[in-house]
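Everything on this sheet refers to the single structure shown next.
Computed from the coordinates by the stated procedures, all read-outs in this text should not be read as laboratory data. The model shown is predicted, which means the values in this text are computed figures rather than measured ones. With ideal geometry, Cβ positions are generated from the backbone for all residues, glycine too; neighbour counts draw on all protein chains shown.
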Amino acid sequence: MTAQLTKAVMAPSIASETTDTTSGMTLQQRINNYCKETKYPRALFVGDDDDLFLSEGGKWIVGTWVMGNCYQVKSGLYGGYPHGYLKRVKALFPDKRNVLHLFSGKVDLAALPGKTVDINAENSPDYVDDAQTLEHVPLEQFDLVLADPPYSVEDAMRYQTTMVQRNVVMRVLGQRLRGGAHVCWLDQVLPMFRKDQFDIIGAIGIVKSTNHRFRVCTIFRRREGKNK
């Protein structure tokens, strides 16, 4: 993808509220629905945090998903979502109706229906676009965005793209998503973002079998108010 220079953004903040102002679901209700729908052991909790990342304090979802040793990726595409990941995310967000798969590749839409955006037209996305601009994507229509960017230069080379600038993507999402929208960002690093655009409401560790990379699903919520 096309690289762009940008200034460093502000340090992260943790959400100071426990309720999603658009859906009315509390963080605990999201966890309860996850357990009900997936039947997996309770591995998510509502945590308190006053110091991490110099946060404002408050509540957030914390925990770990042990994905097991199923190496199957339905699409067969390198770097596809871990088996069962989309099912888990869907169970956390039963209230979401307009989902966007960013860096979509050949995502399994049967597991989590939505629109797709990818820079590679060969993957037949709904929108062929650069995640760092998203000029052709009506972001205002979506209330949940899933992002799984290339984690390294080597990964980007396998997709035949340049390495994405995570903070640029987050800035574009923050400028155009409506208040209350969520972003589930799966990565090996925490992307830089603006505190006046997003709160962190969750961080879930993703563990597979041996010789697999550890990852984290960081859950952001777009703050209410005018987009900047």
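Hey, got a sec? Which trypsin sites (Lys or Arg not before Pro) in region 174-207 land in a DSSP loop and have at most 16 other Cβ atoms within 10 Å?
Details: sites: Arg176, Arg178, Arg194, Lys195; in loops: Arg178, Arg194, Lys195.
Sites meeting the loop and neighbour criteria: Arg178.
With the Cα gyration tensor of region 62-222 in hand, give its eigenvalues times 5 under a square root as the equivalent ellipsoid semi-axes, listed largest first in whole angstrom.
21, 19, 16
Go ahead and collect, in residue order, the members of region 25-40 whose backbone nitrogen is under 12 Å from a label point 7 Å along the Cα-Cβ direction of Asp95.
From region 25-40, the list is 25-31.
So the label point goes 7 Å from the Cα of His212 along Cα→C-beta, right? Which residues of region 162-205 then have their backbone N under 16 Å from it?
So the set is 186-188, 204-205.
Which entries in Lys96/Lys195; Lys106/Lys195; Lys36/Lys106 show an alpha-carbon gap greater than 26 Å? Intermediate values should be presented prior to the final figure.
On the way: Lys96/Lys195 23 Å; Lys106/Lys195 32 Å; Lys36/Lys106 28 Å.
Cα-Cα > 26 Å for Lys106/Lys195; Lys36/Lys106; rest within.
Using DSSP to define loop residues, name the chymotrypsin sites (Phe, Trp or Tyr not before Pro) in region 77-154 whose beta-carbon has at most 15 other beta-carbon atoms within 10 Å. Provide the component values of the computation, followed by the final result.
Numbers: sites: Tyr78, Tyr85, Phe103, Tyr127, Phe142, Tyr151; in loops: Tyr78, Phe103, Phe142, Tyr151.
Counting only loop positions with at most 15 other Cβ atoms within 10 Å, the chymotrypsin sites (Phe, Trp or Tyr not before Pro) in region 77-154 are Tyr78.
Please give the contour-minus-distance gain from Lys87 to Leu109: 0.36 nm per residue of separation, less the Cα-Cα distance, rounded to one decimal in nm. Please report the intermediate quantities before stating the final value.
Values: separation 22, 0.36 × 22 = 7.92 nm, distance 1.07 nm.
Here the answer is 6.9 nm.
Hey, rough spin-label estimate for Asp48 and Gln141, points 7 angstrom out along Cα→Cβ, what's it come to in nanometres?
Each label point lies 7 Å from its Cα, and together they span 4.4 nm.
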